[in-house]
Amino acid sequence: MDDLQAQFDATIAADQRIEPRDWMPEGYRRTLIRQIAQHAHSEIIGMQPEGNWILRAPTLRRKAILLAKVQDEAGHGLYLYSAAETLGADRAELTELLLAGKQKYSSIFNYPTLSYADVGVIGWLVDGAAICNQVPLCRCSYGPYARAMIRICKEESFHQRQGYELLMAMMQGTDEQRAMVQESVNRWWWPSLMMFGPPDSDSPNTQQSMAWKIKRHSNDELRQRFVDMTVPQAEALGVTLPDPDLRWNPERGHYDFGEIDWSEFKAVLAGAGPCNAQRLAHRRRAHENGAWVREAAAAYAEKHARKQEVAA
Ligand code: BYC
């Protein structure tokens, strides 16, 4: 046992990957299943806010882009559930835990998409935050998660650009369109900062996850990186970020920003966000409506296996 632990520690120290068949501490396995499952659930629940606009996209081009993006999110969910399965988790059980409210998904998807500008702002801010958080996960110590993240991040970059391009087009449009973008930015800015999780001083998992090289940076470090990256983009777009305390700090070499309302974050995590109940109810309905597909796939697999047996 000591040998196995020593080998695990040496692999982490050498920045090499832990693979599914390698021995790993139970806590490492549990932490990864928790994070990867939460990540997968976020991708799947994350299809809902934007999915709300597919039927109302203003042009065929915009509809095709949005359909492709939402479809990518389904794909990300599937890669991530597969990564969790390499740790011995069962996808059906993870789904049950989500539906029972026992596993989390990102707080951001509990906010409503009230205008079409939200499609652009989600791409710009939400996918922008996701990229900041997820690019370092490509160097996560667990091989299957790190490899899934490479493809996911490539697609997230496309998502972020499509959002920014949509906002650019709207900002070059009418006063009404510009006002719609600003109103949307006002609603999404603070929840986007909350995506990075609680402050480091209040994050129970960060220290151990960083020691295991699952997380490469703390929540606050990544949040700061996102703010620094986004302020110049807001200036280029011509929108105002809704924070009177936001200003460049030459001593720190970073933007200072105002206090996040952590009571709102906690309320959303506790299930009291504007759309928590709606998101879970919709996911439950979709799961029930898909029961026949799962049954048909299982029946086909069984039939196929029986045929193979007879042929052998
Ligand atoms: N929302 O100790 P901490 C996307 C939970 S999908 C909800 O800092 P950790 C996209 C945390 O789980 C974006 N819960 O935790 C999709 C923990 O709870 P438990 C999703 C949150 O894990 C569609 C507790 O608070 N991205 O990009 O070290 C369309 C204490 O936190 C949140 C990922 O999942 C939150 N915001 O760090 C568009 C990335 N924050 O489980 C875009 C992978 C924290 O102990 N995940 N909690 O009860 C991570 O990087 C990390 O899990 C986090 C949190 C940074 C999120």
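The values are calculated or read from the model by the stated rules, or taken from the named source; none is laboratory data. Fair warning: this is a prediction, and the values are worked out from it, not measured in the lab. As a convention, Cβ positions derive from the backbone with ideal geometry for all residues, glycine included, and neighbour counts pool all protein chains shown. Remember, those area values only see protein heavy atoms, side chains included, never the ligands or the DNA or RNA. Shrake-Rupley method; radii C 1.70, N 1.55, O 1.52, S 1.80 Å.
Assigned to a loop (DSSP other than H, G, I, E, B) and open to solvent by 10 Å² or more (accessible area, probe 1.4 Å) - does that describe any residue in segment 129-143?
Scanning segment 129-143, I find no residue that is assigned to a loop (DSSP other than H, G, I, E, B) and open to solvent by 10 Å² or more (accessible area, probe 1.4 Å), so the answer is no.
Here's the yes/no breakdown for (1) open to solvent by 20 Å² or more (accessible area, probe 1.4 Å); (2) within 12 Å of the ligand (Cβ to nearest atom):
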position	(1), (2)
Gly197	no, yes
Asp200	yes, yes
Gln208	yes, yes
Val239	no, no
Pro250	yes, no
Trp262	yes, yes
Ala270	yes, yes
Arg284	yes, no
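Which residues, taken from segment 181-195, are open to solvent by 70 Å² or more (accessible area, probe 1.4 Å) and in contact (Cβ under 8 Å) with a residue 60 or more places away in the chain?
Filtering segment 181-195 down to residues open to solvent by 70 Å² or more (accessible area, probe 1.4 Å) leaves 183, 186.
Correct list: Glu183 only.
Before we move on, is Arg178 within 16 Å of the ligand (Cβ to nearest atom), open to solvent by 10 Å² or more (accessible area, probe 1.4 Å), touching a residue at least 12 places away in the same chain (Cβ under 8 Å) and out of contact with any Ser or Thr (no Cβ under 8 Å at 6 or more places or on another chain)?
no
Tell me which residues, restricted to segment 46-67, are within 16 Å of the ligand (Cβ to nearest atom), assigned to a helix (DSSP H, G or I) and open to solvent by 40 Å² or more (accessible area, probe 1.4 Å).
Met47, Leu67
For Lys102, all conditions in the list (1) free of Cβ contacts under 8 Å to residues at least 12 places away in the same chain; (2) assigned to a helix (DSSP H, G or I); (3) of a type outside the set (Phe, Trp, Tyr) hold save one; what is the number of the exception?
(2)
Kindly indicate the residue of segment 166-175 that is assigned to a helix (DSSP H, G or I) and free of Cβ contacts under 8 Å to residues at least 12 places away in the same chain and also nearest to the ligand (Cβ to nearest atom) among those meeting that condition.
Ala169
So which of Glu26, Glu85, Glu19, Glu93 is modelled with pLDDT of 95 or more, under 20 Å from Ala291 (Cα atoms) and away from the ligand (no atom under 11 Å from the Cβ)?
Glu93
Against the definition (in a loop (DSSP other than H, G, I, E, B), touching a residue at least 12 places away in the same chain (Cβ under 8 Å), open to solvent by 80 Å² or more (accessible area, probe 1.4 Å) and more than 16 Å from the ligand (Cβ to nearest atom)), how does Pro244 come out, yes or no?
Details: in a loop (DSSP other than H, G, I, E, B): yes; touching a residue at least 12 places away in the same chain (Cβ under 8 Å): yes; open to solvent by 80 Å² or more (accessible area, probe 1.4 Å): yes; more than 16 Å from the ligand (Cβ to nearest atom): yes.
It is true that Pro244 is in a loop (DSSP other than H, G, I, E, B), touching a residue at least 12 places away in the same chain (Cβ under 8 Å), open to solvent by 80 Å² or more (accessible area, probe 1.4 Å) and more than 16 Å from the ligand (Cβ to nearest atom).
Picking from Pro20, Pro112, which residue would you name as being part of a loop (DSSP other than H, G, I, E, B), more than 24 Å from Gly197 (Cα to Cα) and either open to solvent by 40 Å² or more (accessible area, probe 1.4 Å) or in contact with a Pro (Cβ under 6 Å, 6 or more places away or on another chain) (or both)?
Sole residue among the options that is part of a loop (DSSP other than H, G, I, E, B), more than 24 Å from Gly197 (Cα to Cα) and either open to solvent by 40 Å² or more (accessible area, probe 1.4 Å) or in contact with a Pro (Cβ under 6 Å, 6 or more places away or on another chain) (or both): Pro20.
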